Amino acid sequence: EAALNCLERSVDAPLTFVIDCRATVSTSQDVVDRVLPHMSRMRHLYIPWTHLHDDDGNVSQLLSGLIDAPAPQLETFYLYRVRADGKCFALPTVFGGNTPRLTILKLAYSYPRIGSASYGNLKELYIRGRKRDLITMELSQLLQILETCPVLEVFVTVKARFVINEPIEEEDQPLRHIRLDNL
C-alpha cells in the first residue's frame, strides 16, 4: 500500500523500481500492474534474474507486461543475481528493443543479443555467468553488439567465454575493425 501511495504522489517524476527476489505473483502483481502505465518515466529498473523467466524459458507472469512496455527514458537495466538454480540464458527482447537512453546494462546469468535492447548510448555493459554455468557467446555476436556501442566506456565479463563457430576469414579479405575510443 505504501508503494502504491508513493507511485500515486510522484505525479510525473522519474522512477526507480526494484523488484525484490522474494516477490511472488500473489504478493507483487498489483504493484507491478500499477507501475506498468508509468513505464514511460522509468529511469532505473532492477529485476532478479530468477523472475525474468520461468522454468520453460518463457518470461514470467509477474514481469511479462513490464518488460514488454516501452521504456523510452530507461537509463539503467540491472538483472541482478541471487542464489538459485537455473541456467544462463539470452536476454529476451525487453521494452520492445527500444531503449534509446539506456546507458547501463548489467546482466547476471544472462547475456545480450542484437535487438534485445538499444545499445547506441550504452556506456557500461556487464555480463556475468554462473560458477558452474559459464556464459557462452559466439564471438561474432559479441562483436556485433560492441559495434552498436560507440560510446561504451566500461565492458566487464565474469565467468564468460567467447567462441568462434565460423571459419576464420581468408588472408586476402580485410578484418573487421571496431572502434571503441572511450573504452
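The values are calculated or read from the model by the stated rules, or taken from the named source; none is laboratory data. The structure presented is a predicted model; accordingly, all values stated were derived computationally and were not measured. Cβ: placed from backbone, ideal geometry, glycine included. Neighbour counts: every protein chain shown. Surface accessibility is based on the protein's heavy atoms, side chains included, excluding ligands, DNA and RNA. Shrake-Rupley method; radii C 1.70, N 1.55, O 1.52, S 1.80 Å.
Given Cα pairs under 8 Å that are at least 6 residues apart, what percent is the relative contact order of the chain? Display every interim value, and only then the final one.
On the way: 345 pairs, mean separation 26.8, N = 183.
Here the relative contact order equals 15 percent.
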Exercise for review: Any chance you could give the angle, 0 to 90 degrees and rounded to 10, that helix 25-35 forms with the longest Cα principal axis of the chain?
Suggested key: 90
**Study point:** Solvent-accessible ranking of LEU15, LEU105, largest area first, probe 1.4 Å
**Key:** LEU15, LEU105
Study note, to complete from the structure: The answer for GluC sites (Glu not before Pro) in the range 92-182 that fall in a DSSP coil and have at most 12 neighbouring Cβ atoms within 10 Å is GLU169, GLU170, GLU171
Practice item. Taking the dipole about the Cα centre of the chain, with the C-beta of Lys and Arg at +1 and of Asp and Glu at -1, give me whichever of THR93, VAL151, SER140 is farthest to the positive side. Key: VAL151
Practice item. Specify, per residue and in Å³, the volume enclosed by the convex hull of the alpha carbon atoms belonging to the chain. Key: 119
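How large, in percent, is the carbon and sulfur part of the accessible surface of the chain at a probe radius of 1.4 Å? Don't jump to the answer; show the numbers that get you there.
Numbers: 5170 of 10610 Å².
It is 49 percent, rounded to a whole number.
Against the 2.2 N^0.38 Å scaling, with N counting residues, where does the range 104-171 land? I'd like the Cα-based Rg ratio to two decimal places. Please report the intermediate quantities before stating the final value.
On the way: Rg = 12.5 Å, N = 68, 2.2 N^0.38 = 10.9 Å.
My calculation over the Cα atoms of the range 104-171 gives 1.14.
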Study note, to complete from the structure: In a Gaussian network model of the chain with springs linking alpha carbons closer than 10 Å, the residue among LYS131, LYS123, LYS106 that fluctuates most is LYS131
Practice item. Roll a 1.4 Å probe over the protein heavy atoms and report the accessible area of HIS38 in Å², nearest 10. Key: 50
Review point. Averaged per residue, what accessible area in Å² does the chain show with a 1.4 Å probe, protein chains only?
Key: 58
